[in-house]
Amino acid sequence: MQLCLLMLAIPISSTYAVDSKKGLGVYYIHGQPDGSATNVSNMPTATDSGSTVDVTDTSIDNVNEKKVSSDPQTKKERKLKKTSSSIENTESNSSGKTSGLQSVKNGLRKLIAPQSNENYRKVQLNELSNFNYNGDFVKELPSITPRTKTAARSKASSLKNVVRPYQTAQLSFFDAISLAVQRHPSITQSIASLASQNASIDVAKAGYYPQISGGVRTGSLTNSNTTTTAGRGQQLYSIDATQMIYDFGKVKSSVNVQEAKLLAAQANVLVNVDDIAVQVASSIVNIKRYQEICRIAQEQIDGIGRISEIANLRAKAGISSQADPVQAQSYLEAARSNLIAQQTQLRVYQERLRTLLGMDVVNNSWEIPESLVQSSEIYSDPEFNKIPRMMEAKAQVDVASYQKKQVQLSKYPTLNLTGSLSQAINGINQNNSKDDGFYSSVMLQATSNFYQGGATAAQTKAASYAEEAAKSQVNSVYLDVLNQIRATRENVENKQRQMQVLIAQQATTVRTKELYQEQYKLGTRTVVDLLNAEQAIHSANQQIESIRYDIYDNLVQYIAATGKTRDVYKLNNLSIQGVEIQP
């Protein structure tokens, strides 16, 4: 219980807090001294952290000032106060000038370089899922007996009745998933790649801004003729500036490529979030599975132990054979071995969950939420455009398409406005043939690649094949998802039918055990028959619980396959390591 409370007390939001100076939306909650109110504000500055409010009575100060005015020590203190106040005024003026200078620098920076867009930290699912996919390329035979909506609803209701509901006393199931996605390094890696890709957009946008270069050039190191432009000792300093005027959309195409890659990186973040979420959910389901199986294994040990005691008493009384206690002990040891095996599996999943959460969860009481069955909507048609893997594959198609267009535009000319400044020292400026001359020029320049040995045609062909490969990847992902969805549905339906058979078998084995007990007392049944009946009861119970949690695990896999992870596990509109997923 203490561990459970500790988990709930963990400030989830603190794991993804970042510096507000970087524009990442961090706020601080300040409480009033009397505890009556709180204030939410941005990160406090250096002046805010040290500011105080001094509330005093001015009349008392005046009286005290008159009393101690003759004291020389008091006069020194007044002089120090005046000096410190003047220093504070000077510092405030300098800080104001610094802030003004900083604002001017920021304004100039906007004119000469692109500004980074921090909206990449908000994953817009509407933008990522803005495509339609119907899978027309898959040719299927017409179904002979199509499933009606009524049959689907009846199957869904039967699933609800078969899977045992759990009333959750606490939302630890969702808390565990939220905690895991906030700390897992694979998500951190994908978010870092996302930030890197966002910076690549700024690199592409830099083509819209002036390009300035400069350098120094020396004359010939072997020719001593100082009358030529290549004389020894000559130095030519130059600064060149180029501004793109028109390029038929080549820079825009490059920006589109990087923006499409950004969408693919956002979809990759969703893929990693879904992967970690399904690992946590599956681990919790399996922990509950083996907790129930361990309970049944312990009940089996207790049941066989009671039979062993009866066999010992009957053997000592001479009613039954001396072999009965030995056989009962053999069954008892086998039951204990089975318990150890199930406890091992339980510990494996507990340690796996501990690795994901970063905390010990052995003593934590897990409850599977009842809403897991209803929210999965296992018999509803999935929306393929909202599945992260499909989003990522579709984004790769857009990347390939823009890259193809970029190659096609490379054969068109580019019109630039160029300017040049040059100053010759110890020689003649070759631009105006003047000794130690200064030269400046502004001109329009048009450049184009007329022939590159067939490289442009080859690049166009490669881009076309890359686009086709990306489209095929979408179809491949569609088939994988479709196969997983169909397999999950079949598993759930068959597990339900199997559970009904096992429930009937359980009732039969219980009745068989009761009959064998009476017959064993009469001496018409051996202790082995009674032990087998006891073992069959617990075996049926174990299979029922295993199938029950197989259904839960299949639902978890179905939720991940259909892209419902963020809706079911309440991850939408939640900042995950600085990235917010917005539906």
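Does the range 305-318 include one or more residues that are over 30 Å from A400 (Cα atoms) and either assigned to a loop (DSSP other than H, G, I, E, B) or not assigned by TED's automatic domain parsing to the domain that holds T524 (or both)? Yes - at least one qualifying residue is present in the range 305-318. Against the numbered list (1) touching a residue at least 60 places away in the same chain (Cβ under 8 Å); (2) surrounded by fewer than 16 Cβ atoms within 10 Å (Cβ to Cβ); (3) of a type in the set (K, R), K434 comes up short only at (1).
Just wondering, is there one or more residues in the range 476-490 that are at pLDDT 90 or above and either touching a Gly at 6+ places or on another chain (Cβ under 6 Å) or outside the structural domain of I304 (by TED's automatic domain parsing) (or both)?
Looking only at the range 476-490, we keep the residues that are at pLDDT 90 or above, and these are 476-490.
This time we only want the ones that are either touching a Gly at 6+ places or on another chain (Cβ under 6 Å) or outside the structural domain of I304 (by TED's automatic domain parsing) (or both), so: 478.
Within the range 476-490, one or more residues are at pLDDT 90 or above and either touching a Gly at 6+ places or on another chain (Cβ under 6 Å) or outside the structural domain of I304 (by TED's automatic domain parsing) (or both).
Report yes if T242 is over 30 Å from Q266 (Cβ atoms), among the hydroxyl-bearing types (S, T, Y) and modelled with pLDDT under 90, otherwise no. Spelling it out, it is not the case that T242 is over 30 Å from Q266 (Cβ atoms), among the hydroxyl-bearing types (S, T, Y) and modelled with pLDDT under 90.
Check whether at least one residue in the range 447-457 is exposed (fewer than 12 other Cβ atoms within 10 Å of the Cβ) and part of a strand (DSSP E or B), and report yes or no. Looking through the range 447-457, at least one residue is exposed (fewer than 12 other Cβ atoms within 10 Å of the Cβ) and part of a strand (DSSP E or B).
Residue-level check: of (1) closer than 24 Å to K250 by Cα; (2) touching a residue at least 12 places away in the same chain (Cβ under 8 Å); (3) in the same structural domain as V255 (by TED's automatic domain parsing), T418 misses just (3). Taking (1) surrounded by 19 or more Cβ atoms within 10 Å (Cβ to Cβ); (2) at pLDDT 90 or above; (3) among the small types (G, A, S); (4) over 37 Å from the mean Cα position of the chain (by Cα) in turn, S420 satisfies each apart from (1).
In a residue-by-residue description of the range 263-270, the property of being more than 41 Å from the chain's Cα centre (by Cα), in a helix (DSSP H, G or I) and not hydroxyl-bearing (S, T, Y) applies to no position.
Residue by residue, here is whether (1) buried (at least 18 other Cβ atoms within 10 Å of the Cβ); (2) among the hydrophobic types (A, V, I, L, M, F, W, C) holds:
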site: L479; (1), (2): no, yes
site: T488; (1), (2): yes, no
site: Q505; (1), (2): no, no
site: T524; (1), (2): no, no
site: N532; (1), (2): no, no
site: A536; (1), (2): no, yes
site: A540; (1), (2): yes, yes
site: G563; (1), (2): yes, no
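Exactly one residue among I319, I296, I310 is in contact with a His (Cβ under 7 Å, 6 or more places away or on another chain), within 28 Å of D529 (Cβ to Cβ) and β-branched (V, I, T), and that residue is I296.
Hey, among Q484, Q535, Q506, which residue is in a helix (DSSP H, G or I), over 30 Å from G318 (Cβ atoms), touching a residue at least 40 places away in the same chain (Cβ under 8 Å) and of a type in the set (S, T, N, Q)? Lay out the reasoning, then the answer.
On the way: Q535 fails: over 30 Å from G318 (Cβ atoms); Q506 fails: touching a residue at least 40 places away in the same chain (Cβ under 8 Å).
Result of the check over Q484, Q535, Q506: Q484.
Check I293, I310, I301, I245 and return the single one that is buried (at least 22 other Cβ atoms within 10 Å of the Cβ) and aliphatic (A, V, I, L, M). Explain how you work it out, then say what you get.
Numbers: I310 fails: buried (at least 22 other Cβ atoms within 10 Å of the Cβ); I301 fails: buried (at least 22 other Cβ atoms within 10 Å of the Cβ); I245 fails: buried (at least 22 other Cβ atoms within 10 Å of the Cβ).
The conditions single out I293.
Only one of the numbered conditions (1) touching a Leu at 6+ places or on another chain (Cβ under 8 Å); (2) within 17 Å of K405 (Cα to Cα); (3) not charged (D, E, K, R) is violated by S464, and that is (1). Within the range 361-385, residues that are exposed (fewer than 14 other Cβ atoms within 10 Å of the Cβ) reach partners that are at pLDDT 85 or above and in a helix (DSSP H, G or I) with beta carbons closer than 7 Å, at six or more positions or on different chains, in the pairs V362/Q350. Restricting to the range 253-277, count the residues that are farther than 17 Å from K386 by Cα and β-branched (V, I, T). Final tally of qualifying residues: 3. Residues of the range 547-583 being touching a residue at least 60 places away in the same chain (Cβ under 8 Å) and either closer than 19 Å to V510 by Cβ or assigned to a strand (DSSP E or B) (or both), which ones? Across the range 547-583, the qualifying residues are R548, S575, I576, V579, E580, I581, Q582. Residues that are in a helix (DSSP H, G or I) and hydroxyl-bearing (S, T, Y) were ranked within the range 386-417; the one that is surrounded by the most Cβ atoms within 10 Å (Cβ to Cβ) is Y402.
Look at I368 and say whether it is more than 23 Å from N286 (Cβ to Cβ), among the β-branched types (V, I, T) and touching a helix residue (DSSP H, G or I) at 6+ places or on another chain (Cβ under 8 Å). So I368 does not fit the description; no.
The values are calculated or read from the model by the stated rules, or taken from the named source; none is laboratory data. Worth saying up front: this structure is predicted, and the values here are computed from it rather than measured. Don't worry about glycine lacking a Cβ; one is built from the backbone with ideal geometry, like all the others, and counts go over all protein chains shown.
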